[in-house]
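Please read the structure below before turning to the comments.
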Amino acid sequence: MKTVCNHILTIAILLSALSAKPQGAWQNLNFESASVSPSGYQTYGTFVPIGSALPGWTAYLGAGQIAQVGYNSPTLGTATVSLIGPTWNSSDVSLFGVGIIDGNYSVVVQAGAVPTNDVLNESASIAQNGTVPSTAESLQFEAYAYGSFSVSFAGNVLNPIILSSGVSADGLPYNLYGVNISAWAGQTGQLEFTALDEPYESYLVLDDITFSTNSVVPEPSVLALMVMGGLAFGARRWRAKAR
């Protein structure tokens, strides 16, 4: 009888664990779910399990998945993924070019030299699987980008545009980006942010990822504005002659 009860209890625990996160649900999109023990200001070599630093996310250097990420450990040229937390020394924003954009945590995804071979470079990325809300028109996120980065969903490269700009409490300038996600509303796939491998260092400080019901419309280009202005002027002259 005791064995049967134990099996029932085990099944109940498993069902509870499965129901805690609905299938396809996103988690920790603002990176505030970190569970790390701050140990003062640390750089270069402080690493923690990704499950503690970035619950819900996976991280990659090149094509290889990594089990640990840095904590307050940005580099000056080596590829890495690092969680920037409350004990970060904001006075070093100008030195490292990273900081906390909002809340207690942000993430820096940093392409650069391969840690075991500084002659080669590789990209860095974080990714998560989930389902785009059925009402979503856009994906928005706050970021400071140095060099090139990409955003993709289900293998489709998206095209971010800048919606607004600001400066964090750390003094880090950042942009609010938006991408059109409506074509994938209701679909399940992998969302990935990548700092691209370049001849020089590139990195992305990332925070506050959200799905929005607001659409993202690119601002007209300068050429388009000139064309529209010329058309409007021509139409005004035509109306004047017609009177």
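The values are calculated or read from the model by the stated rules, or taken from the named source; none is laboratory data. The model shown is predicted, which means the values in this text are computed figures rather than measured ones. We place every Cβ from the backbone using ideal geometry, glycine too, and count neighbours over all the protein chains shown.
Residues that are polar (S, T, N, Q), crowded, with 16+ Cβ neighbours inside 10 Å and modelled with pLDDT of 95 or more within region 188-205 comprise just one, Thr194. Screening Thr87 with (1) within 17 Å of Ala34 (Cα to Cα); (2) in contact with a strand residue (DSSP E or B) (Cβ under 8 Å, 6 or more places away or on another chain); (3) among the hydroxyl-bearing types (Ser, Thr, Tyr) gives one miss only, at (2). When the strands (runs of 3 or more DSSP E) confined to region 50-163 are screened for residues that are at pLDDT below 95 and touching a Cys at 6+ places or on another chain (Cβ under 9 Å), none reaches at least 3 such residues. Based on this model, can you work out whether Ile181 counts as surrounded by 13 or more Cβ atoms within 10 Å (Cβ to Cβ) and touching a Pro at 6+ places or on another chain (Cβ under 6 Å)? Taking the combined requirement at face value, the residue does not satisfy it.
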